[in-house]
Amino acid sequence: MTVRPLRVGFAGLAHSHPYTDAANALAEGAEMIAVYDADPGAAAGFAERFGGRVVATGAELLAQRPDVVIATPRPAETVPFLRELASADARMPVFVNKVVAATEAQFAAWERALVDVCAPVGTASVLRFAPALQRLARDLDGAEVLGIRVHVQHDNTGFQRGNRAWQDDPSCGGGTVVTVGVHAWEMIDVLLPGAMLGEASGWTRCASGSPTRSEDAAGVNGVVRPAIGGPTVPVQATITGVPGPDRYAVEVLTSAGVRELELDVDQANEHLGFAGLVRALLADAPAGRVPMPWVQSRVVVANTIRAAAAARIGCA
């Protein structure tokens, strides 16, 4: 029996991730059927590269009845896209690339709009699907976690340019402490699922003469309360957007000893979870599921926003 390829639609091309997602989906045998973006030229270039037709609106994309949608909207487009999902009574799985909300106001608007959506909607940093991080989480099973320290680094220069400058705006895309920081809180959530950030304090710094509108470095010290109960766990996150290679590292202090992990950034597609995300998405789609549905991913977004506030005002 011949199995029909999964049909994928792309809603929004706000940053680089959908391009990687499309390449990975094609490698897994999926079919690109349609793409929409507010920039018609970007959509046309995407379709020429990966296939599919260019459509003028999110509603028109949904009318193509894809099996799964990968959405990468800009902040102002996120809630309107959810409303299009609701209006179309769409039911296909929808995965939204980071970040779905960068401020408390955006978070509240996202949740209000999501109430009317029937489709399963999920979101996550790709690091959740990094094989080495998943192995570390399995290795920690049964050990008491006493503390976590994490460092995430991604050069923020690209966030300051052209049509991606919104990512460097704290009031829009969240700036470095959100756009890069979400990876820190995703890593912590993989190791302590569902743990909510409580009291926190922090700091931010900008290098002399830096063009950033947000920050070049930030730190957050706080405690998280594990979803399974028990004592709070101290966490420390350092978030940097300085020049240089990416770095995603975590140190976990447990009752069984200290475990350290630094993800391999030289083969990012596999080792940072890009390929794993798409494999998980395509595996879940036929059953009408999405990786990291909002009921699970909500805590990461909330922690990221709370941590950003703590860093910028000194406490939260």
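The values are calculated or read from the model by the stated rules, or taken from the named source; none is laboratory data. Bear in mind the structure is a predicted one, so any value in this text is a computation, not a measurement. When we count neighbours, we look across all protein chains shown, and the Cβ atoms used for this are built from the backbone with ideal geometry, even at glycine.
For segment 269-316, a tally of residues being at positive phi and touching a helix residue (DSSP H, G or I) at 6+ places or on another chain (Cβ under 6 Å) returns 1.
Among the residues of segment 6-21, is any more than 14 Å from L281 (Cβ to Cβ), among the β-branched types (V, I, T) and in a strand (DSSP E or B)? No, there is no match, as no residue in segment 6-21 is more than 14 Å from L281 (Cβ to Cβ), among the β-branched types (V, I, T) and in a strand (DSSP E or B). With a requirement of 1 or more residues that are of a type outside the set (S, T, Y) and more than 23 Å from L140 (Cα to Cα), the strands (runs of 3 or more DSSP E) lying completely within segment 230-311 that satisfy it span 233-240.
So which residues in segment 214-236 are at pLDDT 95 or above and not aliphatic (A, V, I, L, M)?
Applying the first criterion (at pLDDT 95 or above) to segment 214-236 yields 214-225, 232-236.
If the condition is that a residue be at pLDDT 95 or above and not aliphatic (A, V, I, L, M), then S214, E215, D216, G219, N221, G222, R225, T232, P234, Q236 are the ones that fit.
Filter segment 181-207 for residues that are within 22 Å of V295 (Cα to Cα) and assigned to a loop (DSSP other than H, G, I, E, B) and give the result. Residues satisfying the conditions are L192, P193, G194, A195.
Might you check whether a residue that is surrounded by fewer than 17 Cβ atoms within 10 Å (Cβ to Cβ), assigned to a loop (DSSP other than H, G, I, E, B), of a type in the set (A, V, I, L, M) and modelled with pLDDT of 95 or more occurs anywhere in segment 103-122? Yes, segment 103-122 contains at least one residue that is surrounded by fewer than 17 Cβ atoms within 10 Å (Cβ to Cβ), assigned to a loop (DSSP other than H, G, I, E, B), of a type in the set (A, V, I, L, M) and modelled with pLDDT of 95 or more. Apart from one condition, L62 fits all of (1) buried (at least 24 other Cβ atoms within 10 Å of the Cβ); (2) in a loop (DSSP other than H, G, I, E, B); the exception is (2).
With the condition kept exactly as written, say whether any residue in segment 127-150 is surrounded by 22 or more Cβ atoms within 10 Å (Cβ to Cβ), β-branched (V, I, T), touching a residue at least 40 places away in the same chain (Cβ under 8 Å) and assigned to a loop (DSSP other than H, G, I, E, B). No, every residue in segment 127-150 fails to be surrounded by 22 or more Cβ atoms within 10 Å (Cβ to Cβ), β-branched (V, I, T), touching a residue at least 40 places away in the same chain (Cβ under 8 Å) and assigned to a loop (DSSP other than H, G, I, E, B).
Within segment 199-234, take every residue that is β-branched (V, I, T) and surrounded by 14 or more Cβ atoms within 10 Å (Cβ to Cβ) and give me the one that is farthest from R164 (Cα to Cα). Filtering segment 199-234 for residues that are β-branched (V, I, T) and surrounded by 14 or more Cβ atoms within 10 Å (Cβ to Cβ), the one farthest from R164 (Cα to Cα) comes out as T232.
Provide a single number: the residues in segment 149-186 that are within 19 Å of V233 (Cα to Cα) and in contact with a helix residue (DSSP H, G or I) (Cβ under 6 Å, 6 or more places away or on another chain). Even if it seems obvious, please write down each step before you answer.
Step one: list which residues in segment 149-186 are within 19 Å of V233 (Cα to Cα), which gives 149-151, 181-186.
This time we only want the ones that are in contact with a helix residue (DSSP H, G or I) (Cβ under 6 Å, 6 or more places away or on another chain), so: 150, 181-183, 185-186.
Residues flagged as within 19 Å of V233 (Cα to Cα) and in contact with a helix residue (DSSP H, G or I) (Cβ under 6 Å, 6 or more places away or on another chain) within segment 149-186 amount to 6.
Please verify whether N221 is out of contact with any helix residue (DSSP H, G or I) (no Cβ under 7 Å at 6 or more places or on another chain) and assigned to a helix (DSSP H, G or I), treating the condition exactly as stated. In short, no.
Of everything listed in (1) touching a strand residue (DSSP E or B) at 6+ places or on another chain (Cβ under 6 Å); (2) modelled with pLDDT under 95, the single unmet condition for D266 is (1).
Might you check whether a residue that is modelled with pLDDT of 95 or more, out of contact with any strand residue (DSSP E or B) (no Cβ under 8 Å at 6 or more places or on another chain) and surrounded by fewer than 20 Cβ atoms within 10 Å (Cβ to Cβ) occurs anywhere in segment 246-253? Within segment 246-253 (the criterion being modelled with pLDDT of 95 or more, out of contact with any strand residue (DSSP E or B) (no Cβ under 8 Å at 6 or more places or on another chain) and surrounded by fewer than 20 Cβ atoms within 10 Å (Cβ to Cβ)), the answer is no, since none of the residues qualifies. Can you go through T103, T157, T176 and tell me which one is under 16 Å from the mean Cα position of the chain (by Cα), among the β-branched types (V, I, T) and under 24 Å from G273 (Cα atoms)? Testing whether each residue is under 16 Å from the mean Cα position of the chain (by Cα), among the β-branched types (V, I, T) and under 24 Å from G273 (Cα atoms) leaves just T176. Identify all residues within segment 44-58 that are part of a loop (DSSP other than H, G, I, E, B), free of Cβ contacts under 8 Å to residues at least 40 places away in the same chain and surrounded by 15 or more Cβ atoms within 10 Å (Cβ to Cβ); write none if there are none. Residues satisfying the conditions are G51, V55.
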